[in-house]
Amino acid sequence: MHAQANKVGPDSEDTYDDTFWMSLDGVCTALDNVDARLYVDQRCVYFQKPMIDSGTLGTKGNTQVTR
């Protein structure tokens with residue numbers, strides 16, 4: 001397991017490429033903004049990886065409705 005402290009999003013796809021995502025068994029995040037959370041969630045869905053997200057209030061269930 002390796003912790004990462006880099007920005008995630010479309011701009012970081014040269015760092016977090018398909019090979020990176022395919023190598024993961026799961027993803028645990030503590031991201032500081034909604035855009036980053038949505039991006040990582042989309043990548044986890046695409047690559048069928050489980051994701052646990054923990055914010056400043058600890059682990060809690062959440063739902064994000066998008067259209």
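The values are calculated or read from the model by the stated rules, or taken from the named source; none is laboratory data. All values derive from a computational prediction rather than experimental measurement. We work out accessible area using only protein heavy atoms, side chains counted, and drop any ligands, DNA or RNA first. Shrake-Rupley method; radii C 1.70, N 1.55, O 1.52, S 1.80 Å.
Between SER12 and ALA30, what is 0.36 nm times their sequence separation minus the Cα-Cα distance? Round to one decimal in nm.
Numbers: separation 18, 0.36 × 18 = 6.48 nm, distance 1.71 nm.
Taking SER12 through ALA30 to full extension adds about 4.8 nm, to one decimal.
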Seminar exercise, completed: Between ASP53 and residues 5 or more places away or on another chain, the pairs with built amide H atoms under 5 Å apart involve THR29
Exercise. Which whole-Hz ³J(HN,Hα) couplings does segment 19-35 yield from phi under the Karplus relation 6.51 cos²θ - 1.76 cosθ + 1.60, θ = phi - 60°, glycine and proline marked x?
Worked result: 4, 4, 5, 5, 6, 8, 8, x, 10, 10, 10, 9, 7, 9, 8, 5, 4
Exercise. How much accessible area does LEU38 have with a 1.4 Å probe, in Å² rounded to the nearest 10?
Worked result: 50
For this session: Order MET22, MET51, most accessible first, counting only protein heavy atoms with a 1.4 angstrom probe.
Result: MET22, MET51
